[in-house]
Structure formats: structure tokens, C-alpha cells
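A quick write-up on the structure given underneath.
Read the figures in this text as sums done on the coordinates, not as results from a lab. Since this is a predicted model, take the numbers as computed values, not measurements. In this analysis, Cβ positions are derived from the backbone assuming ideal geometry, glycine residues included, and neighbour counts consider all displayed protein chains.
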Amino acid sequence: MSPNDAGEYTFDRVEHMSIPAEPNRELEVAERAFELARGVGLGADEADEVRLAVIEAVINAIEHGRNEQGRVQVSFSTGSRPARLAVTVGDSGRGFDPSRVAAPNIAEKIGTNQRKRGWGLKLMRSLMDEVIVDSSAKGTRVTLIKQAKVLPGLG
Amino acid sequence: MPDNFEVIVQREATYAILRTEGYINNTGGEKIARECYKMLDDGIGVFILNLAKSPIVNSVGIAVLIELIERVREDGDKVIFCNCTPVIAKTFKIMGLTQYAELYENEKEALANIRS
């Protein structure tokens, strides 16, 4: 991901990570995202939200889209003024159409035979400022963006 | 990566407190659920899950907890969460889980509400 390819956002620095598509490896990515979020000046709660959203993106990539080497590719882009972080998680799976992913509803899941899973995208969208899903038959890239809240009079 | 999840169970006559430590993924969620199902069969119906030492969860682990909540509610009983980090509490609210399970700041508040 180049510093400027996450929509209208600009970034100063990019780093990359590649992890094996294995259970619990999402924690390594999430911890790095948390460190970077704090490093650019996001608050502890905001950084926690980034960590959880990144976990969701990476477990989806591990589950649905391993590449030929069985790895998940991640890039972290950071910027300042205001502080912001973008995390892009890429896989080489079959892809999906995000517009066809039904929003999960707890009332339809409790007391019914409906599967209890399927919350990842909803959580990512609720916890981050922006989520960009770019998916095709060759793979999926999910970019999660979080920006520090600018207090009135301080911006 | 090693799975270091642990759950310590304090069993009382009508309720139990489960203090978790570690990442609540599918394995962690299943360990919690297994402990609760054993006690449910013994007539205990209120489960207080203290997540003070579990600051990280994922939706697969929470899905296992949804199954637990569903099963506990079938018998008219309840699951209570306490000591959740702000992001976990927010996550439960986003999912609508707080309509089916109670959420309190700490064990003291949770216990006050099961005794009231």
C-alpha cells in the first residue's frame, strides 16, 4: 500500500508484515497495530478498538483467504496532524461481495438454529472510522482506518 | 502460538464466578462454556464471568459465549459479565449482547444484582 492509496487520507510512513495463516497469529498483527496506534497519539481506548478490529480482519484472512505460501500480508500506514493509522490486511482467497454480507442480528441468532458467527465486518465498521473492502476472485484487501478525534479549538 | 487461556471457577450454591485469564478466542470461549455446562447440569444457573484478565477477545470466542447464553436462558437462568474493558463492553453493545446478558462494572455490583 502506498502512503496515499487509502482514499482521501495521507500517510507519512508504511511498514509491512507477513504472518503464517495459523490460529492466534492475528495477535502479532494486533499488537503491532496497537503499538503504532499509541505511537501516533491515538488514545488507549481508540488503540484498543484498532486492536480488536485488526484481530477480526486477520482471522477472516486466515480463515477465508490464504495465499499460495499460506501467509497473510499486512501493511501499516501512519500519519500525523491529525494522528491516524491505516492497517491493510491482504489475502489471496476467492474473495467476496461485501454488499451481499447480511448485517448480523442478535435476535435472529439467539434461540434459533442460525449460526452464531458472522460479526467480523460489523465489528470492524463499528470500531473504526472507515473500512475499505477491495475484493475480487484473486483475493481481498481490507483497510481499516482510525484517526484521532480533534477536540474543538485544538485542531 | 501457545494457548495460555485459563479459567478459575469459584462455585457457590446457586451461582458461580468464573475468572478468566487470556485471549478469548474459540478455544477460550469453549473452555468457559464447558465449565458452565457442567455446573448447569448440577443446578447452578447464574454465571458471573469476570473478564478483568482477558482484555482481548474475538468474535469467534464471543459466538461461543452466545451459544452459552442461549443455553443458560433456556432454563430461565442468566450470564453476567463484569470487569470488561471499555472496548469489550462496547463490542457487546454493538452486537446487542447486553439484551441477553447483564453487564456490570465489577463482581460486587454483579453479586448485588443477583441477590436483589
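Key figures for this structure:
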{"read-out": "Net charge contributed by nearby residues that have their C-beta within less than 13 Å of A:Ser136 (K/R +1, D/E -1)", "value": "0"}
{"read-out": "Neighbour-count ranking [beta-carbon atoms within 10 angstrom, fewest first] of A:Ser126, A:Ser80", "value": "A:Ser80, A:Ser126"}
{"read-out": "Cβ-based exposure ranking for A:Asp48, A:Asp12, A:Asp129, in which fewest neighbours within 10 Å come first", "value": "A:Asp12, A:Asp129, A:Asp48"}
{"read-out": "Under 5 Å, built H, 5+ apart or other chain: amide partners of B:Phe81", "value": "B:Leu49, B:Glu102, B:Leu103, B:Tyr104"}
{"read-out": "Area projected by the alpha carbon convex hull of segment A:13-147, averaged over all directions, nm²", "value": "8.6"}
{"read-out": "Chain A, helix-only ellipticity at 222 nm - DSSP H runs n ≥ 4, -39,500 (n - 2.57), divided by all residues, nearest 500", "value": "-9500 deg cm²/dmol"}
{"read-out": "Range in chain B, longest, excluding exposed GluC sites (Glu not before Pro) [loop by DSSP; at most 14 other beta-carbon atoms within 10 Å]", "value": "B:13-104"}
{"read-out": "Whole-Å semi-axes of the protein assembly as shown's equivalent ellipsoid (Cα gyration tensor)", "value": "35, 21, 16"}
{"read-out": "Rg(Cα) / (2.2 N^0.38 Å) computed for segment B:6-107, rounded to two decimals", "value": "0.95"}
{"read-out": "Built amide H within the under 5 Å cut-off of A:Arg71, gap 5+", "value": "A:Ala21"}
{"read-out": "Cα-centre dipole for the protein assembly as shown with unit charges at Cβ (Lys and Arg positive, Asp and Glu negative), debye to 20", "value": "320"}
